[in-house]
Every structure is written in structure tokens, then in C-alpha cells.
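Please read the structure below before turning to the comments.
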Amino acid sequence: MERPLRVAIAGASGIGKHHAKWFHRVGAQVVGFLGRSRESAAATECALGDIFPFAGRGYWDLDQLLTEEAPEVVDVCLPNEAHFDCVKYAFERGCHVLCEKPLVWHSDGAEQTLMQARALVDLAQQTDLHFGVCTQYAASLPYYWQLYEEARGLLATVESFYAEMETLARGRRRSAAEVWIDMAPHPLSMLLAWMPDGVVEPESLQVMSGSGEVRACFSFADAMDSCRCEIIVRDLHAGQPLRRFGVNGFLVDCAGRSAPDGTYCSVLSAGESELVGEDFMSLLIARFTEAAMQPNLAPLVSGEVGLRNLELQLQILQNA
């Protein structure tokens, strides 16, 4: 039997602990994680142990983590501004990298952000290592198409795209730009999955932003078709966040629930129709695990697609 894939999580106190759980559930070995300090690492070790049988170690120095544990994959769940340095170092040490969205973010603005993102994509290609980005809603498309075809039959062309996504603010007061940076990668990932070669027609772009909300309307066109798009992202301060999306006016709501065995599942619903499937992040991580062990298999969302997503984020944000 082949030994399990060795995975290190850079930043496991937030979303990273769920990444660690999904890597464990697909058969990978989470050998360690990077924390901020000795104290935070100790707390995270306990938290991981409550979720799955974690037998790795916490570190607060990336070099030490990679040297002592020799992971084959580094999963980067650090704050946005820390992505570039961590991803770059992991590639230089010969590790495949899965990175939370956005791919990178630089406080000096769009030009520096895109320069860093392109440098990472180039480095992944030069080192022949896999680079994946966590825009997991791309994994929802097979489920969505099943509901669409049951209701309307086979899709001829995408004429319109709509997405409305909320996230709980949890006491935070974020600017419209911060909400866009956090949430826009998800609907944009679906749009790019439908129209990989599409571009925003600049004259069509209209962006309205307010307190914790951004609404973007634009035409997205490739060589064959043009699709009218509306994307709304906002912080919600109470209640159940809405996640709704679809094409050609056929919209589905996305939620989640626990199966009888405790596994978290995705649920897509449209009227009386409902489809329960695997959690989108679990699907993305399972695919990345397979890709890391099979060089000819690509991640669900590659670094190149993550770069295109980032370019669209910035183009729209600059018009807000």
C-alpha cells in the first residue's frame, strides 16, 4: 500500500482546521501546521484533536515545519497579505500548494498584487508543481446542471448569470472593498467555469458599493457569446446568510446540513427540488489530493484560473 500524502496546513486556527479535517477524510496525513506562536499552536493542536485524530505537531516557524515534517503539500490558510511569501517558499522547497482565496493581496494596490500572483503561477510552472486555489463553488456546477436539466432540459447557451452571496459579519465592520475581496472569488469562479475565455466588456461595467455591500453588473463575453451578469456580495449582521446563483433566470439556493454520520453536506434547492451532495470544499480538496499523487491530473481550480479570477476582482473593484 502506498503511504499517505503528507500535508502541512499554514494557518489552522480558522478555516484551516476544516481544510485539515477534509485532507484527513480523503486519506492524507496532516503532519503539522503553522501557528503564530507557541501558545496559539498549543491551542490549535487541541482544537484539531477535537475534530479528527490529529497526530501531527504545531510549529511557529515555516522553515522548521517544512524541514522536520517534509510535507508534499502545503495548504495556505494564512491572512491574505501573507499568501505570497508562504506560497513562494513552499514552491521553492518542492511542495505542491493549495491556497485560500484571494490568490494574493498586496496593500500597495492592484499592480503589485497582480505582479506577485503572476510570479507564483510562473514559479509553479517552472518547478512543475501543482498550484490550486480554494474557490470551491466551482465544484457546485455538476449539481447545478442536474437541477437545471431536470427543470429546463439541456442548456443551449448562457445568456445571463446571477449570484447573490452573504456572509455573517460576526461583529466586524468591513468596508465594501473588504467584502468584495472576501466573497467575489466564489461567483467569479463559477462564471469562469462556464465561460473560461470570457472578459468583462469595460463599457458595460457598473459597480455600486455601500456599507458592507457591492453590486456589480456587466457583460461577460467570449468569442462566441455574451452573458449579462449581476453579482451582489454583502455582510449580514444577523440571520441566515443567503447564497443564491444561477444562469438564465434559473436560480438555486445553496446551504448545508449534517448527514446522519456527522459529515457536512451541500444542499442546492430550487422550489420543491433539492439535491444533497458532498461539501464543495471537500470535493476541491479531494481533487487536489488526487492531483498531488497523479501528476497528469489538474486541480479543480488551478493557479492560472485563480490569477484570472484575481484580475476580474481587481478590474471590477477599481470601478467601485
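Taken together, the values in this text are just the output of simple stated rules run on the coordinates, not laboratory data. A quick note: this is a predicted structure, and the numbers were derived from the prediction, not measured. Cβ: placed from backbone, ideal geometry, glycine included. Neighbour counts: every protein chain shown.
For this structure, a couple of remarks:
- Working note: Debye formula, equal point scatterers on the alpha-carbon atoms of the chain, no solvent; log10 I(q)/I(0) at q = 0.10 Å⁻¹ is -0.58.
- Charges were assigned to the Cβ only: +1 to each Lys and Arg, -1 to each Asp and Glu. The resulting dipole of region 6-134 about its Cα centre is roughly 400 debye.
- Longest DSSP-loop-exposure-free segment, GluC sites (Glu not before Pro), the chain, at most 13 other Cβ within 10 Å: 3-158
- Cα shape, region 165-210, gyration tensor, a/c 1.5 rule: oblate
- The angle between the Cα long axis of helix 280-293 and the main principal axis of the chain comes to about 50°, on a 0 to 90 degree scale.
- For the pair LYS88 and ALA177, label points projected 7 Å from Cα toward Cβ lie 2.2 nm apart.
- A Förster distance of 25 Å, applied to the separation of the beta-carbon atoms of LEU242 and GLN318, puts the FRET efficiency at 0.40.
- Relative contact order computed over region 173-276 (Cα-Cα under 8 Å; 6+ residues apart), in percent: 19 percent
- Extension gain for the segment GLU304 to SER40, taken as residue separation times 0.36 nm less the Cα-Cα distance, is 91.7 nm to one decimal.
- Bins of 10 Å from zero: percent of alpha-carbon pairs in region 194-309: 10, 27, 38, 22, 3, 0
- As a proxy for reagent exposure, HIS96, HIS130, HIS106 were ordered by neighbouring Cβ count within 10 angstrom, fewest first; the result is HIS106, HIS130, HIS96.
- Whole-number percent relative contact order across region 219-320, with pairs defined as alpha carbons under 8 Å at least 6 apart: 10 percent
- For region 80-175, applying the loop criterion from DSSP together with a ceiling of 12 other beta carbons within 10 Å to the trypsin sites (Lys or Arg not before Pro) yields ARG170, ARG172, ARG173.
- Take every DSSP beta bridge whose two residues both sit in the chain; close to 55 percent of them are antiparallel.
- Under the shape rule built on the C-alpha gyration tensor, where the axes satisfy a ≥ b ≥ c, region 132-193 is prolate, since a/c reaches at least 1.5 and a/b is greater than b/c.
- Cα-based convex hull, region 6-134, per residue volume (Å³, whole number): 92 Å³
- A helix-only calculation puts the chain at -11500 deg cm²/dmol for mean residue ellipticity at 222 nm, using -39500 (n - 2.57) for each DSSP H run of at least four residues, averaged over all residues.
- Cross-link partners of LYS88 among lysines, defined as those whose alpha carbon lies under 21 angstrom from its own and excluding same-chain residues fewer than eight positions apart: LYS101.
- Relative contact order computed over the chain (Cα-Cα under 8 Å; 6+ residues apart), in percent: 18 percent
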